[in-house]
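Below is one structure, written out as structure tokens; the observations come after it.
The numbers here are math on the coordinates, done by the rules we state, and not lab data. This structure is a prediction, so every number in the text was calculated from the model and none was measured. Methodologically, a virtual Cβ is constructed for each residue, glycine included, from the backbone with ideal geometry; neighbour enumeration extends over all protein chains shown.
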There are 2 protein chains.
Amino acid sequence: MSVIEDLQGIAGSAHVLTGEAAAPYAKDWTGQYESAPLCVVKPASTEEVSAVMRAASAAKRPVVASAGRTGLTGATHAPEAIVLSLERMNRIREIRPEARVAIVDSGVILAQLREAADAAGLVFPLTFGAQGSARIGGVLSTNAGGSNVLRYGNTRALCLGLEVVLADGRVLDLMSALAKDNSGYDLRDLFIGAEGTLGIITGAVMRLHTRPLAYVSAMIALHDLGDGLALLNRLQAETGGAVEAFEYMPRSYMEAWQAHVPDGRQPFDDIHDHAVFLELGVTARRDATVDENGTLPAQAHLEEILGEMISDGTVLDAVIAQNGQQRREMWARRELAGELMTAYGPVVLGDVSVPLDQVAPFLEDTRAALAEAAPGSREAVVSHLGDGNVHYAVWPSDGLNGHAQAMEIIESTAVRHGGSFSAEHGVGLTKRPAMARHKDPVALEVMRVLKSALDPGNILNPGKVLPGN
Amino acid sequence: MSVIEDLQGIAGSAHVLTGEAAAPYAKDWTGQYESAPLCVVKPASTEEVSAVMRAASAAKRPVVASAGRTGLTGATHAPEAIVLSLERMNRIREIRPEARVAIVDSGVILAQLREAADAAGLVFPLTFGAQGSARIGGVLSTNAGGSNVLRYGNTRALCLGLEVVLADGRVLDLMSALAKDNSGYDLRDLFIGAEGTLGIITGAVMRLHTRPLAYVSAMIALHDLGDGLALLNRLQAETGGAVEAFEYMPRSYMEAWQAHVPDGRQPFDDIHDHAVFLELGVTARRDATVDENGTLPAQAHLEEILGEMISDGTVLDAVIAQNGQQRREMWARRELAGELMTAYGPVVLGDVSVPLDQVAPFLEDTRAALAEAAPGSREAVVSHLGDGNVHYAVWPSDGLNGHAQAMEIIESTAVRHGGSFSAEHGVGLTKRPAMARHKDPVALEVMRVLKSALDPGNILNPGKVLPGN
């Protein structure tokens, strides 16, 4: 019996796709990676995932887990492989508001979890542009970040428990919902961020947070990045760490955005060299209770701070969202980043992080090196500034030839400034060369040993994350 | 050449102890575990640790890492083993206030790091009774918790980077100081909480936090635990999550404390059945600025809330610390727990966690089961209630015979209430039976595979954490 027949027996023929039906799974979202998978299987349960892995293991066939397919590093590239799509496993198993947890299948869409948390009076804070498509399994497998990491941490910090199917089909039950649980090695964090190379995440216990009672959102124009950090530090001190988002959107980004959305409204009359979108999440009841004049104390407080900083010249201009519509407009400008950066042909999408005080020199050095190596290239920068995470997009003037060089410039400049070549998009295929160049060699050896120990047949997403295997 | 001579060559003869000189390392703090180590070696650097591991590896000798020796589960029990003490590696390598990190040797004492952070205007929030002796390497290796986990997370959440010496002496450099760094598998979290069975932690990048501008500390007497959770939830909502400590100290604890400290002052005239020590960390400038009447707004706010809850009968009585001395007195009452629980002969020290709403039924069921199994046993309970973490100490009436049974009652009752048999003290020797009984069997298999992969000769703290090896 062929492995495809095995899979049909497991998931039902309707849920095993080949040929044309499998075509959407042959491409990734960036359009940069194409492959011909053997087939696509869509199991409906953890038991079916386990059976799929047993069949694949017996047939020695590669298995590539696929969730929302919004990854940016080619991690679902699946030549000759079984694509294991988790899209039918999209059930929120349970929300326990008292325990502040959601127990979910890994095929649940991020936006769906956010809505369910909201309906329970809580918040699942992870947020990024692709949240309407990205699924929890993918989010976990890349340890995704986004715009609220500053306050809530990345996906790793939002996960308490996991259910994982191993290469040979065994099911690993780590579904703890506890804040403290030191019962042996931390296996959970090994699978988070492993991009499906060590196991298939089928379920998770995700942490929910108290929902802020109100948000105060603003666009701020600044002289330079240093003033941006001064603003961030002052806001954190004055509000007790209430800054949820602090997103740097400089001229290059606002111009690229305007070109992509010609009818879009800029926040200011002119495009400034340096601008930040910020949001405060107001959790203390006193700050979120509108006073007799209809003023939200938290907003009045921000206005007061910004007024002082405009007077002393630190802030050039500021717009505070006056209602939900204006707030959504501010978010939409930022969340279009993924789409607009990948809309114009092959792009070099640097995703690096540096210490906060190194963001400005990193940007300066990268720009200079790119101008020398590939003069006339187009670029757009956007940054989760509060985390030191910079997305540096380059469309090299010499086309595809310039790609590897531009990526290497961005990554090695970040490393030289004490940073990482990989911040939040994962490694996939795109960053394997950087892993080889910049990662501690002993760390790579240990990763290879762990990969061999957990997936001796190398059938789980082979050729991803680790260089040269 | 003997392995002892090798070690003398590496660390210098003065830093290799045998016989009487090694005696302090033959016992653990609880007095429950004794062994005769081969010798004690005190390397002064990562390079020396690496050389020690190469020598031990060649000689196939077990190596047991030793830090502050304040562990509660016998994890440094070292029969015939080389005790590798990190006490000479006690240098704070660097504090970078802007980046909010401290880079430390693993032999740095917790209190020393807390003081250094304070001197830099920041806080390293981890706090527990043994902080004057516990060292960062041990704290990391047990993923220690303590009284501020509610706000800041456990040790895992406070660590950004690690330096680890592997079984064969290779040095693994994971010293990232970045909030976002997704460069391959998360090796850091594998070594945190592994109790020296996968590698020797020699250095770490620890996260520092903004230091609260003021603290408001109080002792609260309550009718029952449910009212305690109502108080916690209300305080979190009103203050925007400013509760740093929320420590349950019921009658059994306060009586044990009084017996141990006969001159000690009780917080209230009578001992109440249910009492909580709580502390708010005030980070917003407005709440921490004393007004014209000399009142701290955050304290006035707490007084207002407590006044309302006394009126409606939720709170029985309350005392707010009026100065630093009174605050320290409150902390001291709580931090004596480790000492008083281990002071009176062999004790069963349950360290379990359950979901918050299960703490009351867990306590009730455990008490009933213990009363039936070992009537007349003494017990004392203290709990990091905000984390659902309960320390349940029992001195069984039938002496040592009752130990295993009492421990099993505490642990299995926690598991039955959706909890973990191991919250924050680690597994060591004490909880290996519980690992065998309660941990997912596939998780145990995976842990064994990882152990074999990283320590094929089984020389790193053999016989700890994993049952039956």
Over segment A:207-297, how many percent of alpha carbon pairs lie in each 5 Å bin up to the one with the longest distance?
3, 12, 19, 19, 15, 14, 12, 6, 1
Computed over chain B: relative contact order in percent, which uses C-alpha pairs under 8 Å that are six or more apart
15
Mean Cβ-within-10 Å packing, highest first, puts peptides A:36-44, B:131-139 in the order B:131-139, A:36-44
Stokes-Einstein D (µm²/s) once Rh is taken as the Kirkwood radius of segment B:57-144 over alpha-carbon pairs, at 10 °C in 1.306 mPa s
114
Cα shape, segment B:47-108, gyration tensor, a/c 1.5 rule
oblate
Cα coordinate range in segment B:3-85, projected on the principal axes (Å, largest first):
33, 22, 22
Which ordering of B:His77, B:His384, B:His209 is given by a fewest-first count of other beta-carbon atoms within 10 Å?
B:His209, B:His77, B:His384
Mind sorting A:Arg69, A:Arg251, A:Arg265 by how few other Cβ atoms lie within 10 Å of their own Cβ, fewest first?
A:Arg265, A:Arg251, A:Arg69
Can you compute the equivalent ellipsoid semi-axes for segment B:159-263, i.e. the square root of 5 times each eigenvalue of the Cα gyration tensor, sorted largest first and rounded to whole Å?
40, 21, 13
Give the shape of segment B:102-165 as rounded, prolate or oblate, defined through the alpha-carbon gyration tensor: a ≥ b ≥ c are the square roots of its eigenvalues, a/c under 1.5 means rounded, and otherwise the shape is prolate if a/b is larger than b/c and oblate if not.
rounded
Mean separation of Cα pairs under 8 Å and 6+ residues apart, divided by the residue count of segment B:92-210: what relative contact order is that in percent?
33
Simple spin-label estimate for B:Arg328 and A:Asp270 in nanometres, 7 Å along Cα-Cβ
5.8
Could you list the chymotrypsin sites (Phe, Trp or Tyr not before Pro) in segment A:189-269 that lie in coil according to DSSP, counting only those with at most 16 other Cβ atoms within 10 Å of their Cβ?
A:Phe268
For chain B, divide the Cα radius of gyration by the Kirkwood radius and give the resulting Rg/Rh value with two decimals.
0.98
Can you list the DSSP H helices in chain A whose Cα atoms extend at least 18 Å along the helix axis and whose mean Kyte-Doolittle hydropathy is -1.0 or higher?
A:46-59, A:225-239, A:297-311, A:359-373, A:403-416, A:441-454
Segment B:345-442: C-alpha gyration tensor shape, a/c 1.5 cut-off, then a/b vs b/c
oblate
Eligible lysines near B:Lys27 by straight Cα distance, threshold 30 Å, same-chain separation 8 or greater
A:Lys180, B:Lys42, B:Lys60, B:Lys431, B:Lys439, B:Lys451, B:Lys464
Cα atoms only: what Rg and Dmax, in Å, come out for the protein assembly as shown?
27.9, 85
Shielding of A:48-58 by partners, i.e. mean partner chain Cβ atoms within 10 Å per residue?
0
Let me confirm one metric for peptide A:235-244, namely the mean number of other chain beta-carbon atoms within 10 Å of its residues' beta-carbons.
4
Note: B:436-448 gets an average of partner chain Cβ contacts (10 Å, Cβ to Cβ) equal to 5
Hey, fewest Cβ within 10 Å first, where do A:Ile220, B:Ile4 land in order?
B:Ile4, A:Ile220
At 0.36 nm per residue, and after removing the present C-alpha to C-alpha distance, how many nm does the segment from A:Asp365 to A:Arg416 gain when stretched out fully?
17.3 nm
Over 25 Å [Cα-Cα, segment B:92-210], rounded percent:
14
